[in-house]
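Note sheet for the following structure.
Coordinate-derived values only; no laboratory data. Computed from a prediction, not measured in an experiment: that's the story for all the values here. Quick reminder, even Gly has a Cβ in these numbers, built from the backbone with ideal geometry, and neighbours come from all protein chains shown.
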């Protein structure tokens, strides 16, 4: 997609909005995993289906979980959500002891 440059302002949290036309051209949709990289001062964003082996950063793990959950049956999603809620409640109880 070769078009004229688009300028965006970075918000207070360091975010920018990728215009809809660019997201559509790159086939980036809600919940997709995007790998950000920087080389010689140029930031790139690329849609990926898999996360690189060995990357266990919190961001990579979160992206992997989001991608995995999208493919699961609804019953499995509900079971996982229920277990996560149990874990959160357990942690809350431990903090108040």
Q.
Using alpha carbons only, how many angstrom separate the centre of the range 65-80 from the centre of the range 1-54?
A. 25
Q.
What is the ratio of the Cα radius of gyration of the chain to 2.2 N^0.38 Å, with N the residue count, to two decimals?
A. 1.45
Q. If we count other beta carbons within 10 Å of each Cβ, what is the order of 66, 96, fewest first?
A. 96, 66
Q) Helix 74-95 versus the longest principal axis of the chain: what is the Cα-based angle in degrees, 0 to 90, to the nearest 10? A) 70
Q. Tilt of helix 58-71 relative to the longest C-alpha principal axis of the chain, in degrees (0 to 90, nearest 10)?
A. 80
Q. Among 42, 80, which comes first, second and so on when ranked by fewest other beta-carbon atoms within 10 Å?
A. 42, 80
